[in-house]
Amino acid sequence: MSVSFHLDELARHVGAASVDGGRTRPVTGVSSLSEAGPDDLSFLGNPKYASEVAGSRAGVILVPKAFEGRPSEGQVFLRVDNPSYALALLCSVIESALWPRPAPGVHPSAVISPGADVSPAAHVGPLCVIGEGARLGPDVVLEAAVHVGRHATVGQGSWLKSGARVGDYCVVGSRCRLQPGVVIGSEGFGYEPVGEDIRRIPQVGIVVLEDDVEVGANSTLDRARFSRTVVGRGTKIDNLVQIAHNVRIGSQCMIAAQTGIAGSTVIGDRCVLGGQSGVAGHLAVGDRVRVGAQSGVLEDVPADAFVNGTPACPLGLERRVVVLSRRLPDLFKKVDSLAAALDAVAKDAR
Amino acid sequence: MSVSFHLDELARHVGAASVDGGRTRPVTGVSSLSEAGPDDLSFLGNPKYASEVAGSRAGVILVPKAFEGRPSEGQVFLRVDNPSYALALLCSVIESALWPRPAPGVHPSAVISPGADVSPAAHVGPLCVIGEGARLGPDVVLEAAVHVGRHATVGQGSWLKSGARVGDYCVVGSRCRLQPGVVIGSEGFGYEPVGEDIRRIPQVGIVVLEDDVEVGANSTLDRARFSRTVVGRGTKIDNLVQIAHNVRIGSQCMIAAQTGIAGSTVIGDRCVLGGQSGVAGHLAVGDRVRVGAQSGVLEDVPADAFVNGTPACPLGLERRVVVLSRRLPDLFKKVDSLAAALDAVAKDAR
Amino acid sequence: MSVSFHLDELARHVGAASVDGGRTRPVTGVSSLSEAGPDDLSFLGNPKYASEVAGSRAGVILVPKAFEGRPSEGQVFLRVDNPSYALALLCSVIESALWPRPAPGVHPSAVISPGADVSPAAHVGPLCVIGEGARLGPDVVLEAAVHVGRHATVGQGSWLKSGARVGDYCVVGSRCRLQPGVVIGSEGFGYEPVGEDIRRIPQVGIVVLEDDVEVGANSTLDRARFSRTVVGRGTKIDNLVQIAHNVRIGSQCMIAAQTGIAGSTVIGDRCVLGGQSGVAGHLAVGDRVRVGAQSGVLEDVPADAFVNGTPACPLGLERRVVVLSRRLPDLFKKVDSLAAALDAVAKDAR
């Protein structure tokens, strides 16, 4: 993987207010202050790392305008308003170069059902399978080995990575992004005991991803028993997350890796769920709720709460309980010595 | 996705005892009481939602025979013995319509090894790969991009969804159902330190799924070190579950999403494991055991126990400990004040 | 699946010091003492199972040289230095027979970009996709439906199982082993709030697996925001593990199933992470650290520590807290009775 920027290009991409120093060799990488070499760009994104700037071997460093240090011999400082934002601007340029949107067209190895409706402005990569009645909007990108099931829809500009799978009848909105191995529309886990057997309850609903939803690698979203499992506009889901049937997630949520949400639970807007957290079924979680990593939510949560632990409770209480739990060895001893002291007092009193 | 039922069809499918009202327009969806519109069918499955019936805009509602309400203007009630069961009957009809069993035959893009034995009554979809010596029974359905390894067997009527993978030599029984991305027969995680290195222990066993086993999306079941990893008849496994090498799971178990079972553990019949739970290796878990969500089982569990927490202990004890833990702030204060009071008493006594 | 060894072959493969008994029928399976039948080989790997030898129906049993028992009628003992190691030797022979390294060559159904560099000594199975500029070294094996992205590299002798995916520009070292469904190089979960929206931060780094790394089924390793996510030489990762962007894992670590490591965390060499454990982001975990199953590491961990629980703390403390927590019902009662006793003493004293 190679990137290459001359200093004047860099300065332009990051909107540099001033340039301290000069160089003719191109910059060919981006790295942290401690790991960067003379051909790398680095950045001071957080004031606590300011002391690392002086020792950094980076060829070019993005620093805040007011940063007091000076570049070392052969090094360049690009002074910007916000180094972290400036870096994101540069990374966008790099991304466009390294991951150009592939040209429209269908790879000859793809298997497209006769009844599918593929926009001429969509890209369908090698070994993709598009089922009967499926619709792909303009600017859709299916990398390799993507499967879009029968009568499923993928909206304009969505980008599905290698091996992503969209089940029959499911709906992916516009500008969504599915990482490799994502499964949209597996059957919900619905069974009922019938005598000695466990009978499957047919799952005839769908999954709807609204616009601008992103889903991480190998995450699984189950179709509804009937009706819809819904992920709201702009919500981002990390890797290996499980969303069960009939769950409804609001807009602009962030759901970290390996989280699981059980059936029919409703999550509000702008919630943040920490990694490996779980939410039991048939619950209501309000808007802007935060759930700590590894927590287990077993009851409804009101809007704006921050809950933690298993079973999850308000963060403040949970933290105190953890701290006090670790003092249990002392507490047991103290109670024992109190008992002994009381015995002594009682004996004296007799 | 579209379904369409006229009222007389609906009444027949759900076994309606009586019909209150009439309509000529077909019903085209199924939804909950609160979300249904005039063209949807809904149902009163749980008496606690009875008050929602009056306000529901559903065109048709399945209600218990004895339900006292009356349909609103233009609405129809179908009176049945058990609305939930009646709905399942209807969903089976819908499923048959929306997911008809594909016709026998092999898609021309599938790659079938010369030595594979594919029943003429099996369906092999696009871009499937069938290894040498593999056997597919009659009525087997492989959707798209399914891989059945060398000398693996898939029994009659099993249905493997997009991207499911069955490893070499593994055995899938009859009427099994594998969701997208399932991995049957990955290598067990077996290593031994040899000097400074970690050496892989060859994993030459297989995985056997007995009849009527279902496995959820992206779950992984490892082949045995030798001999077999076994999932017993009728057991249902949810999404993103990990089953390690040499595990043996009994029949008719329910294993919820993101659960992990470590190597060589034996699980009895009719057990229920909650979501995100874990069972350590080399344990014996008896029949009909229940493990709560997110619990971690670290020792053998006798039959019929319900264990919870990490490390898991009997549910009643675990619940009391959780409740009392939250009262630790009070307990610490109380002990402090007891100590102060005792001091005072002791001082008085002197 | 069938293996077949005559007694003299077995004795040779396991390096038997002596053979007690004889048989002419071949041995066709390997099983545990309790499950083996007359055509199976079994082994006494752990002295605690010594009593099972007498009752075992195994046709051949690997026993320690000094084992005092005698084979039953028709049974053979192979006496060896270390039965467990002898079995591993035999399993290696079995593995070579059942999973022979496939011959070099490219299956006609594979899709190889013109600009890819595939060693003539590599095997590329059916329906694999190799992107432009990708390089496959000699003795590489790609089973079926493996995707190696643009400009990615797979080093000599690495073996990628069905459906493994290596993202664009990523690097897989020599002799690595990727189980089915592995995702190397999905995009890191990086977003920033911009007004009402959540904006994606481009992830333009790569993933580097050093030599001899193994990754389990459906595990996901995210590419770095920039620079590299690294897994060190010889480290083994189990199934369904999540490694976030910019994580750096040292060499010779063992990471059990369903573990998650959040962004930018650095793990030392020879660490062991238990199943379903989690490590928060931006932490430093020292060499040879052990993390218990289901633990949640929320702060830096010094070298050689063994931490457990959530939030993780030293194992000894965590164990005491668990034990004492279960005695909380007694403690609350004891404090109540102390309070009552103190009241009584105080009353007497008045």
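Side notes on the structure shown:
- Any chance residue B:37 is surrounded by fewer than 21 Cβ atoms within 10 Å (Cβ to Cβ) and farther than 30 Å from residue B:100 by Cβ: no
- Output for the range C:258-283, where each listed residue is within 9 Å of chain A (Cβ to nearest Cβ), crowded, with 24+ Cβ neighbours inside 10 Å and among the hydrophobic types (A, V, I, L, M, F, W, C): C:262
- Note on the range B:165-208: residues that are among the aromatic types (Phe, Trp, Tyr) and modelled with pLDDT under 95 amount to 1.
- Looking only at the range B:301-324, and only at residues there that are among the charged types (D, E, K, R) and not in a loop (DSSP other than H, G, I, E, B), the one that is nearest to the other protein chains (Cβ to nearest Cβ): B:320
- First in the range B:278-301 and in the same structural domain as residue B:222 (by TED's automatic domain parsing), second anywhere and among the basic types (Lys, Arg) and surrounded by 17 or more Cβ atoms within 10 Å (Cβ to Cβ), Cβ under 7 Å, 6 or more apart: B:287/B:270; B:288/B:270
- When the strands (runs of 3 or more DSSP E) confined to the range A:1-99 are screened for residues that are of a type in the set (A, V, I, L, M) and under 15 Å from residue C:226 (Cβ atoms), those reaching at least 2 such residues are found at A:60-64.
Quick grid of which residues meet (1) among the aliphatic types (A, V, I, L, M); (2) surrounded by fewer than 17 Cβ atoms within 10 Å (Cβ to Cβ); (3) modelled with pLDDT of 95 or more:
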position	(1), (2), (3)
A:285	yes, no, yes
A:294	no, no, yes
A:297	yes, no, yes
A:308	no, no, yes
A:315	yes, no, yes
A:319	no, yes, yes
A:323	yes, yes, yes
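- Residue within the range B:209-218 that is over 20 Å from residue C:177 (Cβ atoms), buried (at least 24 other Cβ atoms within 10 Å of the Cβ), of a type in the set (Gly, Ala, Ser) and in contact with a Leu (Cβ under 6 Å, 6 or more places away or on another chain) present: no
- Test: residue in the range B:186-198 that is buried (at least 23 other Cβ atoms within 10 Å of the Cβ) and more than 9 Å from chain C (Cβ to nearest Cβ): yes
- Of all residues making up the range C:325-343, the number that are more than 7 Å from chain B (Cβ to nearest Cβ), touching a helix residue (DSSP H, G or I) at 6+ places or on another chain (Cβ under 8 Å) and modelled with pLDDT under 95: 1
- Top-ranked residue of the range A:118-133 - restricted to ones that are surrounded by fewer than 21 Cβ atoms within 10 Å (Cβ to Cβ) and not acidic (Asp, Glu), ranked as nearest to the other protein chains (Cβ to nearest Cβ): A:133
- For the range A:260-277, a residue qualifies if it is among the polar types (S, T, N, Q) and at negative phi, and the qualifying residues are A:265, A:277.
- Against the test of being surrounded by 17 or more Cβ atoms within 10 Å (Cβ to Cβ), closer than 15 Å to residue A:76 by Cβ, in the same structural domain as residue A:83 (by TED's automatic domain parsing) and among the small types (Gly, Ala, Ser), the options A:17, A:11 yield a single qualifying residue, A:11.
- Failed condition for residue C:94, given (1) outside the structural domain of residue C:13 (by TED's automatic domain parsing); (2) farther than 24 Å from residue B:108 by Cα: (1)
- Condition check for residue C:219: out of contact with any Phe, Trp or Tyr (no Cβ under 9 Å at 6 or more places or on another chain), assigned by TED's automatic domain parsing to the domain that holds residue C:142, on the phi > 0 side of the Ramachandran plot and of a type outside the set (Lys, Arg): no
- The residue list C:92, C:113 contains one member that is of a type in the set (Ser, Thr, Tyr) and either in contact (Cβ under 8 Å) with a residue 60 or more places away in the chain or touching a helix residue (DSSP H, G or I) at 6+ places or on another chain (Cβ under 9 Å) (or both), which is C:92.
- Identity of the residue in the range B:58-84, within 14 Å of another protein chain (Cβ to nearest Cβ) and surrounded by fewer than 18 Cβ atoms within 10 Å (Cβ to Cβ), that ends up nearest to residue A:187 (Cα to Cα): B:84
- Where a residue in the range B:26-55 is within 16 Å of residue A:264 (Cα to Cα) and free of Cβ contacts under 8 Å to residues at least 12 places away in the same chain and its partner, wherever it lies, is among the small types (Gly, Ala, Ser) and crowded, with 18+ Cβ neighbours inside 10 Å, with Cβ under 8 Å and at least six apart: B:32/A:227; B:32/B:42; B:35/A:227
- Selection of the range C:4-52 for residues being farther than 22 Å from residue B:248 by Cβ, within 27 Å of the chain's Cα centre (by Cα) and within 13 Å of chain B (Cβ to nearest Cβ) yields only C:13.
- Within the range A:226-245, the residues that satisfy the criterion of being of a type outside the set (Gly, Ala, Ser), crowded, with 24+ Cβ neighbours inside 10 Å and either within 14 Å of chain C (Cβ to nearest Cβ) or closer than 20 Å to residue B:274 by Cα (or both) are A:231, A:235, A:237, A:238, A:239, A:240, A:241, A:242, A:243, A:245.
- Each residue in the range C:146-160 was checked for being within 14 Å of chain B (Cβ to nearest Cβ), part of a loop (DSSP other than H, G, I, E, B) and touching a strand residue (DSSP E or B) at 6+ places or on another chain (Cβ under 6 Å), and 2 of them qualify.
The values are calculated or read from the model by the stated rules, or taken from the named source; none is laboratory data. Source: prediction; values computed, not measured. Glycine also receives a Cβ, built like all others from the backbone with ideal geometry; neighbour counts cover every protein chain displayed.
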